[in-house]
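Worksheet for the structure shown next.
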Amino acid sequence: MERIRCPHCGAVNQDATPQDPCWQCGKTLGDPPEEGASPPQKEMPVKLTLEERVALRKAQKQRSSALPTLFLIVALLVIVLIVLFLLHPWR
């Protein structure tokens, strides 16, 4: 599903190609905006589908879970080094 924002009115067009007309203003999406025309409307939030929201949440979760894993590895390494230091025979 490709989403294209209309360069003329700013409307989001779903499942569209640059050759398709805009659902709001009817102008071709691939055409450049006319000179002197008013700028596109303020960007409206785009609703994500369920699959897109799940994928976004998984990506955020994977990014945030890397730091605790790294912290755990470093903590275990420090504990092992302390135990080896304490068990080392000092003769």
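The values are calculated or read from the model by the stated rules, or taken from the named source; none is laboratory data. In this text, all values refer to a predicted model and were calculated from it rather than measured experimentally. The accessibility values were calculated without ligands, DNA or RNA, using every heavy atom of the protein model including side chains. Shrake-Rupley method; radii C 1.70, N 1.55, O 1.52, S 1.80 Å.
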- Query: Does any residue of region 38-46 turn out to be open to solvent by 100 Å² or more (accessible area, probe 1.4 Å) and at pLDDT 80 or above?
  - Reply: no
Selection over region 58-69 where residues are at pLDDT 80 or above and either open to solvent by 100 Å² or more (accessible area, probe 1.4 Å) or closer than 25 Å to Cys6 by Cα (or both) yields a count of 1
* Determine whether Ala55 is of a type in the set (Gly, Ala, Ser) and either at pLDDT 85 or above or open to solvent by 100 Å² or more (accessible area, probe 1.4 Å) (or both). => yes
